[in-house]
Amino acid sequence: MNVLGIETSCDECSAAIVRDGREILSNVVATQIELHKPYEGVVPELASRLHTEWIAQVVQSAIQKAGIGMDEIDAVAVTSRPGLLGSLLVGLNFAKGFAATLDVPFITIDHIRAHLYASQVEKPLAYPYLGVLVSGGHTVICKVNGYDSIEVLGTTIDDAIGEAFDKVAKHYDLGYPGGVVIDRLAKSGNPMAFLFPGSALCKGEHPYDISYSGLKTAVINQLDQFWDGESEKSAENIAASFQRVAVGTLMRRVRLALDDTGLKRISSGGGVAANSLLRSELKALENLGYEVAFPSLKLCTDNGAMIAALAYNYLQDGVRSDFSESASARVSAFKKSYP
Ligand code: KG4
Ligand code: ZN
């Protein structure tokens, strides 16, 4: 089964053809990064306009690169939630038109579930596993019981982790997009130059919840307060110190959740799963006997392949979406539970 997956929830205009949920025949990602760069952040109105201009070509290119004909597309899948509403609507309506014209099944996909599924495309991981979704819009620690079954254990209560990376980079004019730049700068910085505060573990009902706004504020407004007085106040040192705490704060929750749930497998996804420090800290869990999976860099950030691959599971189970379905900017109502 060849599934066309379309993803336009934010600033990547992407389409992919995935065969039988595993074989990526093509995965075209047209990024708008350069066009949002002057504004140092994604401008929603600009994003949706660019998707409108690019989507037809991106889909055409995905089909060509896959080396298949239109008549070999068996289903169309598209991200419908959550994300920037205007951007989502471009992909959604294009997908509806395409599926109707080809007269093939049509299905809408949840972006968060797709990020949590992405590593499965390359390396199947048995359920259940601990899912760690870290992106520009979300920070979610959850128990993944199946491709459609997610129990949220903890979320950010304010900024998402990627948002904190982006805002720190923006404040210090380090470059755009911030996560990638901080990751690069941190490699030549001293992670102990500034002893920024991490968010303390919350006692009681919400032990896996996480906050990034305090760390972000400390890095932006209180640099002197957390400086050892000797290291250089360089971009590299700020980046390395911030990244150490941002990743460390997350890893404390991850280790606690692994202990509490007894889960032995873990998978991470989302743009920040491309972060080299986070990847090495997750990988180190293998030494403690955990099975660890994360997607290759191309499948961490937004892409159509993860949408098509996840869709394959729903399609195999006979699930279809209605053409009357609309897009939603909001996160689906996941049930929050505590082990
Ligand atoms: O998953 P994604 O492409 O879009 C959302 O669904 O949000 O994630 C984008 C986020 C941005 O905040 C970007 O700065 C961050 O992922 N990011 C990184 C790295 N690569 C991308 N953050 C830290 N280190 C990286 N190497
Ligand atoms: Zn994403």
Subject >> strands (runs of 3 or more DSSP E) contained in region 121-162 and holding at least 1 residues in contact (Cβ under 8 Å) with a residue 40 or more places away in the chain and among the polar types (S, T, N, Q) >> reply: 139-146, 149-155
Subject >> Residue list for region 34-50, restricted to those being within 20 Å of the chain's Cα centre (by Cα) and open to solvent by less than 40 Å² (accessible area, probe 1.4 Å) >> reply: His36, Gly41, Ala47, Ser48
Original post:
Where residues in region 108-120 are at pLDDT 95 or above and of a type in the set (Val, Ile, Thr), which of them is nearest to the chain's Cα centre (by Cα)?
Top reply: Ile109
Subject >> 2 or more residues at pLDDT 95 or above and over 21 Å from Ser326 (Cβ atoms): qualifying strands (runs of 3 or more DSSP E) within region 1-84 >> reply: 2-7, 12-19, 23-31
**OP:** Scan region 1-32 residue by residue and report those that are open to solvent by 10 Å² or more (accessible area, probe 1.4 Å), within 15 Å of ligand 2 (Cβ to nearest atom) and among the hydrophobic types (A, V, I, L, M, F, W, C).
**Re:** Cys10, Val29
Original post:
Would it be correct to say that Arg244 is over 25 Å from Ala114 (Cα atoms), surrounded by fewer than 23 Cβ atoms within 10 Å (Cβ to Cβ) and basic (Lys, Arg)?
Top reply: yes
**OP:** Say whether the condition of being at pLDDT 95 or above and under 25 Å from Leu133 (Cβ atoms) is met by at least one residue in region 97-107.
**Re:** yes
**OP:** Pairs only if they're at least six apart or on different chains, beta carbon under 7 angstrom, first in region 258-278 and outside any helix (DSSP H, G or I) and crowded, with 24+ Cβ neighbours inside 10 Å, second modelled with pLDDT of 95 or more and among the acidic types (Asp, Glu); list them, first residue then second.
**Re:** Asn275/Asp183
**OP:** Considering only region 141-167, state which residues are within 16 Å of ligand 2 (Cβ to nearest atom) and either open to solvent by 10 Å² or more (accessible area, probe 1.4 Å) or under 18 Å from Val180 (Cβ atoms) (or both).
**Re:** Ile150, Thr155, Thr156, Asp159, Ala160, Ile161, Gly162, Glu163, Ala164, Phe165, Asp166
Original post:
If we scan region 203-210, do we find a residue that is surrounded by fewer than 16 Cβ atoms within 10 Å (Cβ to Cβ), of a type outside the set (D, E, K, R) and not in a helix (DSSP H, G or I)?
Top reply: yes
Original post:
Looking at region 93-115, is at least one residue hydrophobic (A, V, I, L, M, F, W, C), outside any helix (DSSP H, G or I), more than 15 Å from Ser14 (Cα to Cα) and open to solvent by less than 20 Å² (accessible area, probe 1.4 Å)?
Top reply: yes
Subject >> Matching residues in region 121-140 - criterion: being under 18 Å from Ala293 (Cβ atoms) and within 16 Å of ligand 2 (Cβ to nearest atom) >> reply: Val121, Gly131, Val132, Leu133, Val134, Ser135, Val140
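The values are calculated or read from the model by the stated rules, or taken from the named source; none is laboratory data. Quick caveat, the model's predicted, so the values are computed rather than measured. Using ideal geometry, Cβ is built from the backbone for each residue, glycine included, and neighbour counts are taken over all protein chains shown. SASA here: full protein model, heavy atoms, side chains in, ligands and nucleic acids out. Shrake-Rupley method; radii C 1.70, N 1.55, O 1.52, S 1.80 Å.
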